[in-house]
Amino acid sequence: MTRYAVEIENVTKRFGKVVAVNNVTLRIKENEFFSLLGPSGCGKTTTLRIIAGLETPDTGVVRLRGVDVTNVPTHKRNIGMVFQHLALFPHMNVYDNIAFGLRMRHVPENEIKERVKRILEIVRLPGFESRRINQLSGGQQQRVALARALVIEPDVLLLDEPLGALDLKIRQHMMVELKRIQREVGTTFIYVTHDQNEAMVMSDRLAVMRNGVIQQVAPPHEIYMKPANMFVASFIGEAINFFEGVYKGNGEFETKEGVIFKVADDPQLINKKTVIAIRPERFQISDKPPEGIPNTIKGTIEITVFKGSSIEYRVKTPINDNVIVFVPNISPTMKIFNPGDTVYISWSVEAGVLLPYEEKIELETIPVRR
Amino acid sequence: MKLTDLFLKVYFYIMLALVYFPIAILILFSFNESRSKLAFTGFTIENYISLINDRAVWVSFYNSIWIAIVVVIISIFLGLMLAYAIVRYNPKGKDIIDTLMLIPIIIPEIIEALTLLVFFLILGIPLSPATIIIGHAAFDIPLAYIIIKARLVGYDPQYEEAARTLGADEIQTLFRVTLPMLMPGILAAAFMTFVWSYDDFIKTFFTKPIGFNTLPVYLWTKLSRRGFSLDVNALCTFIIVISILFTYIRMKIIQE
Amino acid sequence: MSPEFEEEKWYIRLLDRIRTSRRLKIALLLGPPLVFLIIFFFSPFAIAIMYSLAMFEKVVHQYFLVPRISLEYYIKFLNLPGIVNVILKSFYYAIVTTVGTLVLSYPLAYYLAFKIPERYRNILVFIIFLPFWINFIVRVYALKFIMHGAGPLQSLLVAIGILKEPIKILGTDTAVILTMIYSYLIFMLLPLYGVLEKIDKELLEAAATLGASPVKTFLKVTLPLSMPGIIAGSLIVFIPAVGEFIIPVLVGGAATATLGLLIYRYFIAVGGLVGWGIGSAAGIIYIIIIVILSYLYIKLVGGEIRLA
């Protein structure tokens, strides 16, 4: 029987009338870099705080390495946490901040000295022991917060949107650093963010949350290619196209306009209102109707955007008037279409994912790309 | 941990009761029938009737108010000038002035009061309401300065610069942009200085002419004359009600 | 070429001069307030210093400045009978009051800052601060009324049987200290609450995640971070408390003479060159002692934070 690093089972948490975490079950493996992703207010931070013990769940069980810690106070769980605003102790220098957890565990001072030195090397801040917190840059403070939580060798490290306040370049650098450190130290990381880019880049697996409910748990590749529902499909990735219709069974999908497309069979969705979800880069586009490809529609180019390594088209079709198509810019001689051109876009059966229809996906919380 | 929470809560409410208790008893006994302080025998407003009839009370109340108002006007005016000059123009003596302004606040009031009295006596200046006002202002100007300066520091000069680029000259900028934006700070300073001046005893006591009283001074004369009488309670209750009224007004204006 | 035209030009020229010269603007703004303060605060203060150094002589009704410096008044003051007692007593009251207010208000401030959700906080803060907006003398009298041997509280206690007979509290050290603590509580509570309220709650959570129990968190994080408030509160209470004279007069007796009372007596009751001389000397000594003690206090307590 595998022992999971962290298990939460049927955990629910209410604040007044709001159900922040709704019957959530998650199992996180040892040495995993696991992310909790979702828009603001979806319950991911509350879930993290429940694992930390900073909130008590109304129902459910929390286990750390197989041990039930639901009623164990925070300071007795062997966790490490990096807070959104870092929470570095302003009245202590770098050394004392990092040593704090070790001192709470009564580690002898000479050992503390060694371990602080080592962890500072791991986070690439050698010699920073005597610096004061307010002398450090954002990225450096980040790393001290990380070092402080890691040096105690916790069973699991919890990170609550730690990169939010950093500039773009530094954030990108830190993502690489975090991944590297996690690999080097081997600790299980549970990372909470609303930025899908962070989650996709760093995670071994991730869970998408919405309104307190887990939508899907899978590795990044699978979340991207096989989203479980329309929300996940929209939230993840740069863009997604939906064609609405009804699934007739036998791999046949009929749109409102009566056009038939071929999809992979899904018996559960027969005669249900559904959509076909297609990533923009899975289309083929040409000025002549293609041969031998089952799914083709005719359309007119509305907008052409030259993005350097790729070209983005917005195509108006009878079925969906804003189809987004990405074409990699492979050769200088390839044809680039202009607004007004008539084109045919097509896709293979596997490129289209059949998903249940959902009313109005509110994406008001689309992460701002800074 | 839950135990400490409970302890803190209980402690808080006990202390709250203890703090209010003396005041409550004071007010209660102002309604006491007999002259005795021993027990509450009956409810009467006779103390209040004699209070209302005591002309000296109303005169000193009136004095407290108008003196405080004058002091506020002077202090805000001069304190504002000082704060504005220091923050906007950053003159060279800035740090010295900052430290100097702290001195009147730190020096115990009795020393300020007595030295001022001696000062007036030496120069042959007769004591009058003016000397009271001067004494108050000497403390309140630095106070107003500190409060207004704190607000001014956090206030971006870009607003004034924007006004200038839009064609406003210095005076217009001052009245249309700076002062309105500083209103919260000015109001805060005004309240603090008013309450301080209105409630002041020590300085007033030593710088006042004979026969002229403010409310706190009048209270003191009644207290130090004979030990007890319940009309003192009535006077105190009156003062308490006025204080609560002021605090309430202050809250309302701040909310606005 | 009308006369009004001429006047306008002069007036505007002056304004322009002011407008363009930074120096003039500064002078005009700093001038009046500084002049006022120099005349009415700093010169009285300077005069007091000169008085204490016996630099004044009186001829008939005129006072003259004499070019000499003498420490006679300081010596006279320090040689007053029982002066050591008075000074020690004043400091004793002040220290006990400071410690008392600190111990009593810390839990209050802590409760307000950490244990109350935001929406109730303002109301509770208002309620606990409200009594202290009431006039100082009224509050002192309220306590006196309760403490009085022939007053309601004591009669009640006797009637119930808790006391056999009324205790004489008024006129004792206890009365003065109790009243001082009651009156000065707010001056400690305000800075403490101000500092505690600003402590980032995330810091406490971080300490918990690092293994610190609630007690350890308090000792290692909350307490050190509240030090500036403790220092500020202590100074705001201690400095005036040493010179307090209203409370000893109203609530104390012959045995509770304080420095403030002494200064008052020498200025008013004795008066004249000698009275003012000794009074000023006492005042200057008071100020010097306070400055030294405050400096030491700040150094000592400020230094300890670094040690921890």
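Every number here is computed from the coordinates shown, using simple stated rules; none is lab data. If you're wondering where the values come from, they're calculated on a predicted model, not measured in any experiment. Ideal geometry is used to build each Cβ from the backbone, glycine not excepted, and the neighbour counts take in all protein chains shown.
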Rg followed by Dmax, in Å, when segment A:240-356 is reduced to its Cα trace
14.5, 46
Among the listed pairs B:LYS203/C:LYS168; B:LYS208/C:LYS58; A:LYS288/A:LYS316; A:LYS179/C:LYS220, which have their C-alpha atoms separated by more than 26 angstrom in this model?
B:LYS203/C:LYS168; A:LYS179/C:LYS220
Taking springs between alpha-carbon atoms closer than 10 angstrom, which of C:ALA282, C:ALA142, C:ALA241 fluctuates most in the Gaussian network model of chain C?
C:ALA142
As an exercise, use a Förster radius of 30 Å and the Cβ-Cβ distance of C:MET227 and B:TYR11 to find the FRET efficiency, rounded to the nearest 0.05.
0.85
Kindly state, to the nearest 0.05, the FRET efficiency for B:LEU28 paired with B:SER229, given R0 = 22 Å and r defined as their beta-carbon distance.
0.90
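Remind me, what semi-axes does the protein assembly as shown give for its equivalent ellipsoid, largest first in whole Å, using sqrt of 5 times each Cα gyration tensor eigenvalue?
71, 36, 29
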Going down the table (A:LYS113/C:LYS299; A:LYS117/C:LYS299; A:LYS113/C:LYS216; A:LYS13/C:LYS201; A:LYS273/A:LYS335), which pairs top 26 Å between alpha carbons?
A:LYS113/C:LYS299; A:LYS117/C:LYS299; A:LYS273/A:LYS335
Using a cut-off of 16 Å between alpha-carbon atoms, which lysines can reach B:LYS222, once sequence neighbours fewer than 8 places away in the same chain are excluded?
C:LYS144
In segment A:8-41, which trypsin sites (Lys or Arg not before Pro) fall in coil by DSSP and have 15 or fewer other Cβ atoms within 10 Å?
A:LYS17, A:LYS29
Net charge near A:ILE260 (other residues with Cβ under 11 Å of its Cβ; Lys, Arg +1; Asp, Glu -1) is -1
About its Cα centre, the protein assembly as shown carries a charge dipole, from +1 on Lys and Arg Cβ atoms and -1 on Asp and Glu Cβ atoms, whose size in debye to the nearest 20 is 1720
Would you calculate the convex hull of the Cα atoms in chain B and tell me its volume per residue in Å³?
213
Counted charge near A:GLY60, where neighbours are those whose Cβ lies closer than 14 Å (Asp, Glu -1; Lys, Arg +1)
0
For helix B:94-106, what angle does its Cα long axis make with the longest principal axis of chain B, in degrees from 0 to 90 and rounded to 10?
0
Any chance you could check the Cα centroid distance between segment A:278-314 and segment A:143-213 for me, in angstrom?
36
Rounded FRET efficiency, nearest 0.05, which uses the C-beta distance separating B:VAL59 from B:LEU3 and R0 of 41 Å:
0.15
Sum of side-chain charges, C:THR174 neighbourhood, beta-carbon under 14 Å (Lys, Arg +1; Asp, Glu -1)
+2
To test your reading of the geometry: what angle, between 0 and 90 degrees and rounded to tens, separates the Cα axis of helix B:230-255 from the longest principal axis of chain B?
30
Average Cα contact separation per residue, segment A:6-225, under 8 Å, 6 or more apart, as relative contact order %
31
Considering only C:MET50, C:ALA109, C:LEU88, whose Cα is most displaced toward the positive end of the charge dipole of segment C:1-134, charges sitting on Cβ of Lys, Arg (+1) and Asp, Glu (-1)?
C:ALA109
How far, in degrees from 0 to 90, does helix A:94-104 lean away from the longest principal axis of the Cα atoms of chain A, to the nearest 10?
70
Restricting to Cα pairs below 8 Å that are 6+ residues apart, what does the relative contact order work out to for chain C? Please round to a whole percent.
24
Please give every one of the aspartates and glutamates within straight-line cross-link reach of A:LYS17, meaning a C-alpha to C-alpha distance under 17 Å, and leave out same-chain neighbours fewer than 8 residues apart.
A:GLU55, A:ASP58
Partner chain coverage, peptide B:12-19 - average Cβ within 10 angstrom
5
Report, ordered by chain and residue number, the aspartates and glutamates lying within cross-link reach of B:LYS252, taken as a straight Cα distance under 20 Å and ignoring same-chain residues fewer than 8 apart.
C:GLU118
Rounded to one decimal in nm, the spacing of the 7 Å Cα→Cβ label points at C:GLU57 and A:LYS307 is 9.7
Estimated inter-spin distance, C:LEU296 and B:ILE210, nm [label 7 Å along Cα→Cβ]
4.5
Hits in segment A:307-331: amide N under 20 Å from the 7 Å Cα→Cβ extension of A:LYS248, namely A:318-320
Which distance in nm do the two modelled labels at C:VAL84 and B:ILE49 give, with both placed 7 Å along the Cα-to-Cβ direction?
6.0
